[in-house]
1. Which far-off residues, 5 or more places away or on another chain, put their amide H under 5 Å from the one on residue 261, with H placed in the peptide plane?
2. How far is the Cα center of the range 238-277 from the Cα center of the range 279-316, in Å?
3. Straight-line reach from residue 248: which aspartates and glutamates have Cα under 16 Å away, leaving out those fewer than 8 places along the same chain?
4. So who's got an amide H within less than 5 Å of the one on residue 130, skipping anything under 5 residues away but keeping other chains? H placed 1.01 Å off N, in plane.
5. Can you tell me the dipole magnitude for the range 178-308 around its Cα centre, using point charges on the Cβ only (Lys, Arg +1; Asp, Glu -1), in Debye to the nearest 20?
6. May I ask you to evaluate 6.51 cos²θ - 1.76 cosθ + 1.60, the Karplus curve with θ = phi - 60°, for each residue of the range 233-239 and list the ³J(HN,Hα) values in order in whole Hz, giving x for glycine and proline?
7. Need the full-extension length gain, residue 93 to residue 307, defined as separation in residues times 0.36 nm minus the C-alpha distance. One decimal, nm.
8. Quick one: putting +1 on the C-beta of Lys and Arg, -1 on the C-beta of Asp and Glu, what dipole do you get for the range 121-254 around its Cα centre, in Debye to the nearest 20?
Amino acid sequence: MSSLRPFCLTSWLAVPAAAVLLLLTPASHAQTPAARPATAAPAQSPDPAPAAPSQTTVAARSPEPRGVTSRAIDKVKEVAKSAADIFSRVPCQPPKGGSKAMGSLPHVASRLVAGQPVVIVAFGSSSTAGFGASSPEFNYPNRLAAQLRRHYPTAEITVVNAGVGGEDAPEMMKRLQTQVIDVHPDLVIWQVGTNAVLRNLDPADTAKLVEDGISRIQAAGGTDIVLVDPQYSPAVNQRKESAGKMIKLLGNVAELRHVGIFPRFEVMRDWHENQSIPVESFVIADGLHMNDWGYACFAQLLGDDIIRSVGQIKLGVNVPADVRTYRPM
């Protein structure tokens, strides 16, 4: 196996004079956030409980006035990030020989084409909240928001992080109304099933709850939905039989309810088995949660599918309303 690891930043601090000089130099670098070292977190059982859901609005921000030195230091950080892109050593590749996209995300794509505001809710547990990332900036909802901002710089895009560590379908259903339906999202990305596997819960019970939740979201109208199945990681692989049932049942629910399915387990397994990326290059030391690179590649592939859907709408590709399931290219 290859020993490739995600790119880590080196020290960025410079003497104040150099920082001020950089401040005076026009920026000409990409805006992609860089990788930070993947922090090794202690094992949790099964998930930590992060802070309450947060919201990321992808729009121009007006920073408060700051001192010259502070702004110069920020400039140094920004340059360092741009120079050390997270995929510079280990590229984010889609599954080799994987199935092609089937259908699209018609609602969110149509709104982006029309230049209308878009609201995305990332609903899930700790891998949505971003446990394992070195900074909130590097969780997958923020990564996805940054990617969409770069591709649609004039769009008003809001990404709401509704991830709560330790939860699965039973707990998520209790907050589905207030944190998902009442937000009136254009797209819901629902990551579910991992904690149920770790707790030895019946996958059929989880699938039934998820199907009920999808029905409630669809009854509210005007929302695309994508399910995200469990991650490929040592902790999940120890319960291979339960994980396999969960993945199959979530796929069946997606097909039955005509919603999207992002096969996270399949994608992550491809990273390791077909692309020869060591597991420790995308999973932290607890054997469960993703690191900066893992979240970044996951977000990249999700974003690529959204962008592809917009392209289909622009080209006049009509996708039947009852065919929305897809897998990443």
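Each value in this text was obtained by applying a stated rule to the coordinates, not by laboratory testing. Keep in mind it's a predicted model, so treat the numbers as computed, not measured. Note that we place each Cβ from the backbone using ideal geometry, even for glycine, and neighbour counts take in every protein chain shown.
1. Distant-sequence amide H within range of residue 261: 227, 326.
2. 14 Å
3. Hits, sequence-local ones excluded: 202, 205, 211, 229, 266.
4. none
5. Computed about the Cα centre, the dipole is about 300 debye.
6. So the Karplus estimates, Gly and Pro as x, are 7, x, 5, 6, 5, 5, 10 Hz.
7. 75.4 nm is the gain from fully extending residue 93 to residue 307.
8. Approximately 300 debye in magnitude.
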